[in-house]
Amino acid sequence: MAQFQSLPGFREFYPDALARRNHIFRQWRRAAHAYGFSEYDAPILEPLDLYKAKSGDEIETQLFSFTDKGGREVALRPEMTPTVCRLVGEKANALKRPIKWFSIGEFYRYERMQKGRGRSFFQLNADIFGEPGIEAETELIALLIQCLRGFGLGAEDFYVRLSDRNLWFYYLETLGLDEARVRGILSAVDRYEKLGDDAFKDYVTEFGPLDAELKAKVIAFMGVKTMSALEATLGALVSDKLQARLGDWRRLLANLAAMGFGDCVEVDLGVVRGLAYYTGFVFEAFDRKGDLRALAGGGRYDTLIGKLGYNEMPAVGFGMGDMTFALLLEQRGLMPAFGPTTDVYVVIGGEAERTAAFLDIAGLRAAGYRVDYSLKEVAFGKQFKAAAESGAKLALIYGGDELAKGVVKFRDLSDRSEHEIPRASVVEAVRDYFTTGGTA
Ligand code: HAM
């Protein structure tokens, strides 16, 4: 029995699983390119300091970290955001703005495993740098939605919960809270869905008993789920910042509606995001039926590049994971079945015919056809069986009698019809067959 199992939470991708993963990546890439994003990549192993205090307490406790042979404290990347900030920060002056970048890569977090959560997972990351206004949020939320829609998912399958850490700040400031207390409340809000009232425990430990009226207001604000409820709660409050911010909200929602995405976005002040660096609008995408963890999450993080020691630059982005995503596609029957990977199967009479067959196999492969044959010399019957199992539409038969006449047999495996073609025109015959949809 297996002695060397893979580590818990790390996935192996057998070919059928990899075909499904590649399908997801292909569609994500297509969507990102359609929105004008350029692809980048970066190291998997990073200095530990990049995440300390930048990503937030939760991620810090989940790091796979160690000391390398040169005595450096390093960590497998748990997320892309600090890394992409370094890339942008390093070349800030040379990069044309807005910078619209995306990447697809693997990430590592020592998490408790559950449905849709592993210790290694892939994320699409898409980020815009250099744009302070809601135009950046518009593009990113639209791209996030398109990444889901590209697979045939619609507003009945998923929704994006839109919230705003600024609005929380402005609101709690009008209730008399200082910055430290606001942060304490926000970290309780982040955990409230999971923990209920226990989410406020840390706040109480740090700042003393929570005033009942304040708590009621916080809970009511978390429950705000429409623009009109938001306006009703905040409309009467005299704060220029607050009123200007409501204007941003209206414009962002109007932009998304104009793009045809209005039905996928919902106001939801219950989302504040746990990562330490978010500074404004935040959003998370969820399955409508609600039994899966988040499909994607992101938001604005205008101060992170500055915290890494570069000139500050506004930034917004999101990460979308592959695990909950694949589960959702499968649940909805939207994951295609990935079929045969062979176009042409070459049946070879014997040793004497191999040289001719190999030359033509190489020619067909160079022309882009997926060609397979039996590595070992076996009887015709076995080769035909293998040809059928390969899913190939076409078999080319290299027998001694045919080759002596300068021809090969061309068998259409869908109707078993067969005819001879000159060996010299094998590539043309195969091309004709596939371009005419198999009726040559
Ligand atoms: P995040 O919310 O930590 O954000 O992760 C984004 C998505 O990655 C999640 O919604 C989920 O789909 C997937 N994900 C996260 N952890 C796991 C896990 N252990 N197993 C499976 N999937 C997981 C970020 O990572 C931010 N850096 C996103 C971002 C980019 N913000 C701005 N730009």
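Here are the numbers:
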| read-out | value |
| --- | --- |
| Virtual spin-label span in nm between ALA367 and LYS289, 7 Å along Cα→Cβ | 4.7 nm |
| Per-pair calculated FRET efficiency, R0 = 22 Å: ARG97 and ILE44 via Cβ, rounded to 0.05 | 0.20 |
| Solvent exposure of the chain as accessible area per residue, Å², 1.4 Å probe | 48 Å² |
| Hydrodynamic radius of the chain per Kirkwood, over alpha carbon pairs, in Å | 25.6 Å |
| Global geometry of the stretch 2-158, whether rounded, prolate or oblate, following the gyration tensor of its Cα atoms and the 1.5 cut on a/c | oblate |
| Computed E for TYR14/MET259 - FRET, C-beta separation, R0 35 angstrom, nearest 0.05 | 0.35 |
| Label-point gap, in nm, between ARG30 and VAL378 - each point 7 angstrom along Cα→Cβ | 3.6 nm |
| Heavy atoms of THR226: accessible area, 1.4 Å probe, square angstrom to 10 | 60 Å² |
| 11 Å cut-off, amide nitrogen to a point 7 angstrom out along ASP178 Cα→Cβ, residues in the stretch 228-272 | none |
| Relative contact order of the chain, pairs being alpha-carbon contacts under 8 Å that are 6 or more residues apart, as % | 16 percent |
| Length-normalised contact order for the stretch 344-435 - Cα pairs under 8 Å, 6+ apart - percent | 30 percent |
| Helix 426-435 vs. the chain, principal-axis angle (Cα, 0 to 90°, nearest 10) | 50 degrees |
| Separation between Cα centres of the stretch 25-53 and the stretch 363-440, rounded to whole Å | 43 Å |
| Subset of LYS52/LYS307; LYS100/LYS241; LYS91/LYS307 violating a 18 Å alpha-carbon distance limit | LYS100/LYS241 |
| Accessible area of TYR171 in the full protein assembly, 1.4 Å probe (Å², nearest 10) | 10 Å² |
| Cα-based convex hull, the stretch 155-217, per residue volume (Å³, whole number) | 101 Å³ |
| Relative contact order (percent, whole number), the stretch 267-331, Cα cutoff 8 Å, 6+ residue spacing | 26 percent |
| Descending principal axes extents, the stretch 366-440, alpha-carbon based, whole Å | 31, 29, 26 |
| Span from the the stretch 317-350 Cα centroid across to the the stretch 84-138 one, whole angstrom | 26 Å |
| Extended-chain gain in nm, criterion 0.36 nm per residue less alpha-carbon gap, LYS69 and THR341 | 93.6 nm |
| Value at 222 nm in deg cm²/dmol, rounded to 500, when DSSP H runs of n ≥ 4 in the chain each add -39,500 (n - 2.57) | -12500 deg cm²/dmol |
| Distance (nanometres) between label positions extended 7 Å along Cα→Cβ at GLN243 and ASP57 | 3.8 nm |
| Accessible-area value, ASP302, 1.4 Å probe, nucleic acids and ligands omitted, Å² | 40 Å² |
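The values are calculated or read from the model by the stated rules, or taken from the named source; none is laboratory data. Treat the numbers as computed from the prediction; the structure is a model and nothing was measured. Using ideal geometry, Cβ is built from the backbone for each residue, glycine included, and neighbour counts are taken over all protein chains shown. Just the protein is used for accessible areas: all its heavy atoms, side chains included, with ligands, DNA and RNA removed. Shrake-Rupley method; radii C 1.70, N 1.55, O 1.52, S 1.80 Å.
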